[in-house]
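Asks: Have a look at this one.
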Amino acid sequence: MYDDKRLGVGIDVGTNTVRAVVGATKLHEIPQIIGYGEAVNHGMRKGTIINIDQTANAIDRALATAEKMADTRIMNATVSANGQHIFGQISHGVVAVAGKEVGEDDILRVERAASTLQLGENREILDVTIRSFILGGQASIKNPLGMLGARLEADSYVISGLVPHIRNLEKALLLTELPKTNLIPSGLAAAQVVLNQAQKESGVAVIDIGGTTTNLVVYDEGELYHAAILPVGGNNVTNDLAIGLMTDIDIAEQVKLNYAVATSSQRKTGGRIKITKNDQDYTFETSLVDKIVEARMAEIFELVNVELSKIDRRAKLPAGVVLTGGGAQLAGIEASARETIRLNAKLGQYPNFGGKASEVAGPEWATALGLMMVDIKDDIAVNKPKPTKPKKFGFGKKAK
Ligand SMILES: Nc1ncnc2c1ncn2[C@@H]1O[C@H](COP(=O)(O)OP(=O)(O)O)[C@@H](O)[C@H]1O
Ligand SMILES: [Mg+2]
């Protein structure tokens, strides 16, 4: 049906919800969203699979809905890898240039050298970004091809995860009978659709607030600079409300979805909130709800500050922070982020996708949309890389 088009499929295996998006595109055209689906995921905790069958089941259901809508059978997809076991580290490679000028072969060798590093036990590489090259001592070279020099170096950023957790995700995907999948660290995916190159050059962060994880990625000088997965998210707000208001989790969630405000500047002063469940009324002090929500959001953004401090970017990213994820739907989230992070903060905006784009326009779809874009760009049918070797395909400039 889409013979003249390429299909891209993104599957965001979130801790709360699995989301699948199918896009169709002709070459150089902005994709049309032709199908999407979502399903609650009971198989994960803090981004890590605790039940393979339940995770597979959620993926199956999300995918089945998307397939039906798109009227197509999905054979491969790009899938998000999440969890606190995933982190990034800096790596460096050095080679001697074979001829007088840097050739493609030299670049390949130095990229490979920069991707070979001492990983912790039981870890494997999920993504490698070559940030820049150094030739004969001159740093910050983007493309050294054809330049003169004897010693070529490359700086890279390598994201890895724990093998057992990655295998569990792969097992879940096998159960869904998706023949080919490509795994991408979750945070990198959202950045694909909400950032432009100018922001990446200036310095920018994406904060994707999920249910029990918050993915942070930082870009500077055009390349990935830092990635971290924090073990907190929107569900912590709900749990805090359940404890603080001494009420059920589902009532706390209703309070959050309907009345919670993340920042004092948007507060409605005083008053009470009323929730009705099974003909029973529950009332809460607005000021108490506000206090609980504001404190938790400040705590989440303070954890972001800790990560930014590690890379000397605290309050130092000119293009600010971009917010995505289901948790970013909280009213007043931008002001709350600005107050704690001391940088401009905005909800992520997507490119003008066609088709059913308006139905997947919320911030909770950012990861799935980003994965779909990567899936369209990458030809994963060729050479799926073996474990522990760097990926051949992915973001930006890659190790080959
Ligand atoms: N309107 C809303 N206001 C505040 N929080 C919301 C809203 N809608 C969803 N959320 C929260 O978003 C979180 C889920 O985000 P999502 O990106 O779907 O999770 P994950 O990617 O971890 O599966 C939950 O904590 C949920 O309560
Ligand atoms: Mg999410």
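Asks: Based on the alpha-carbon set only, what is the convex hull volume of region 87-159 divided per residue, in Å³?
Replies: About 78 Å³ per residue, rounded to a whole number.
Asks: If R0 is 22 Å, what FRET efficiency do you get for N122 and I50 from their C-beta distance, rounded to 0.05? Provide the component values of the computation, followed by the final result.
Replies: Working: r = 18 Å, r/R0 = 0.82.
The calculated FRET efficiency here is 0.75.
Asks: Determine the calculated [θ] at 222 nm for the chain from helices alone, applying -39500 (n - 2.57) to every DSSP H run no shorter than 4 residues and normalising by the residue count; nearest 500 deg cm²/dmol.
Replies: After summing the helix terms and dividing by the residues of the chain, the value is -10000 deg cm²/dmol.
Asks: Highest mean first, how do 45-53, 367-375, 347-355, 126-134 rank when packing is the count of other Cβ atoms within 10 Å averaged over residues?
Replies: The densest-packed peptide leads the list: 367-375, 126-134, 45-53, 347-355.
Asks: Here is a further query. Just grab the label-to-label distance for L174 and A198, each label 7 Å out from Cα along the Cβ direction, in nm (one decimal).
Replies: 4.8
Asks: While we're here: Counting other beta carbons within 10 Å of each residue's own, what order do Y282, Y225 fall into, fewest first?
Replies: Y282, Y225
Asks: Counting pairs of alpha carbon atoms under 8 Å apart in space and at least six apart in sequence, what relative contact order in percent does the chain give?
Replies: 20
Asks: Does anyone have the angle between helix 234-244 and the longest principal axis of the chain? Alpha-carbon axes, 0 to 90°, nearest 10?
Replies: Approximately 30 degrees, to the nearest 10.
Asks: Working from the pairwise distances between different alpha carbons, so that the mean of 1/r is found and then inverted, what is region 230-365's Kirkwood radius in Å? Kindly include the intermediate steps, with their values, before the conclusion.
Replies: Details: mean 1/r = 0.0620 Å⁻¹.
The answer is 16.1 Å.
Asks: Something else now. Given points 7 Å out from each Cα along the Cα-Cβ axis, report the S287 to M246 separation in nanometres with one decimal.
Replies: Roughly 1.9 nm, to one decimal.
Asks: A follow-up question, please. Given springs between every Cα pair under 10 Å in a Gaussian network model of the chain, which of Q192, Q138, Q84 has the largest fluctuation?
Replies: Q138
Asks: Write down the radius of gyration of the chain and its Dmax, each obtained from C-alpha positions, in Å.
Replies: Gyration radius and largest Cα-Cα distance of the chain: 22.0, 81 Å.
Asks: Right, another one. Computed FRET efficiency, Cβ-Cβ of T276 and S140, R0 51 Å: what is it to the nearest 0.05?
Replies: E(calc), rounded to 0.05, equals 0.25.
Asks: Also, quick follow-up: Obtain the nm distance between the two label points defined at R167 and E29 by a simple spin-label model: each point lies 7 Å from its Cα along the Cα-to-C-beta direction.
Replies: Roughly 4.4 nm, to one decimal.
Asks: Need the full-extension length gain, A315 to A96, defined as separation in residues times 0.36 nm minus the C-alpha distance. One decimal, nm.
Replies: Length difference between fully extended and current span is 74.9 nm.
Asks: Shifting gears a bit: So how do 311-319, 110-118 stack up, highest first, on mean other-Cβ count within 10 Å?
Replies: 110-118, 311-319
Each reported figure results from applying straightforward, stated rules to the coordinates on display, with no laboratory input. If you're wondering where the values come from, they're calculated on a predicted model, not measured in any experiment. Cβ atoms come from the backbone with ideal geometry, glycine included; neighbour counts cover every protein chain shown.
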